[in-house]
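Notes to accompany the following structure.
No value in this document is a laboratory result; all are computed from the given coordinates. For clarity, every value in this text was computed on a predicted model and none was experimentally measured. Reconstructed Cβ throughout: ideal geometry from the backbone, glycine too, with neighbour counts over all protein chains shown.
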C-alpha cells in the first residue's frame, strides 16, 4: 500500500524535524529480520532516546536534503532502518549492540553533521562513553582537588582533637594508678 502525497509530506516533515535535532544518523540494513527482533530493537531504541524508523529511501533523501546530513544520501540504498538521535553515541550503541546478537542487522553507514562515517567508524563510535558518562568523569576530575583540600583542612582539627583525647586518657590512667 503506497502513501498518498499528503502522507508522504507528513512523513518527510516528521523526519526533517528529527534530523534538525540530531547529532548522528545511523542506517542499517534489516533484510530478513523478524518482527519480534524488530520490536525488541525498537524497545531498546526507545529506552535510549533514539528515534528509529523504517523509511522509503526517497523520502529519507528529501528529509536530509539541505541539512548537514545531506552527504548521507549517497548511502541510502536497499531496505534500511534509520536511527536518529541528539546523542551521537546512543544511536551507534543501540544498533551496534543489537547487531552483535543478531547477524541479520548490518550497519551500513552513519553521519554526523557534515561528515559521513563508515560502518567501522560507527562501531568505534559505539565504544565511546556517552555524553553523561563523560560529564560525570569531568565533574569527578574537577572535584578531586577540592575534595582533597577539604580533607586536608579537616585533618588539622581532627588531629588536634585526637591528641587532646590521648592526653586526657593518659591523665586518667595516671590518676587511676
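Want the number for residue 120 to residue 144: 0.36 nm per residue separation, take away the alpha-carbon distance, what's left?
Gain on extension, residue 120 to residue 144, equals 5.0 nm.
Rg to Rh for segment 1-99: what is it, with Cα atoms only and Rh by Kirkwood?
Reported Rg/Rh, Kirkwood definition of Rh: 0.95.
Run a plain Debye calculation on segment 59-151 (Cα atoms as equal point scatterers, no solvent) and give log10 I(q)/I(0) at q = 0.13 Å⁻¹, rounded to two decimals, same order as the q list.
Results for segment 59-151 at q = 0.13 Å⁻¹ read -0.55.
Would you work out the relative contact order for segment 22-125, in percent, from Cα pairs under 8 angstrom that are 6 or more residues apart?
Relative contact order for segment 22-125 comes out at 43 percent.
Have a look at 159, 62, 108 and tell me which one the Gaussian network model of the chain (Cα, springs below 10 Å) gives the largest fluctuation.
In the Gaussian network model the winner is 159.
What is the order of 51, 82, fewest Cβ neighbours within 10 Å to most?
Lowest to highest Cβ neighbour count: 51, 82.
Using a Förster distance of 41 Å, how high is the FRET efficiency between residue 174 and residue 134, based on the Cβ-Cβ distance and rounded to 0.05?
According to the calculation, E is roughly 0.10.
Scaled to the compact-protein estimate 2.2 N^0.38 Å, what is the alpha-carbon radius of gyration of segment 129-177, rounded to two decimal places?
2.15
Using packing as a proxy for protection, rank 109-115, 26-32 so that the peptide with the highest average count of other Cβ atoms within 10 Å comes first.
For the peptides 109-115, 26-32, the packing ranking is 26-32, 109-115.
Summing -39500 (n - 2.57) over the DSSP H runs of n ≥ 4 in the chain and dividing by its residue number, what mean residue ellipticity at 222 nm do you reach, to the nearest 500 deg cm²/dmol?
-20500 deg cm²/dmol
Report, largest value first, the span of the C-alpha coordinates of the chain along each principal axis, in whole Å.
Reported extents, whole Å, longest axis first: 101, 34, 30.
Tell me the angle of helix 88-101 to the major Cα principal axis of the chain, expressed in degrees between 0 and 90 and rounded to the nearest ten.
80
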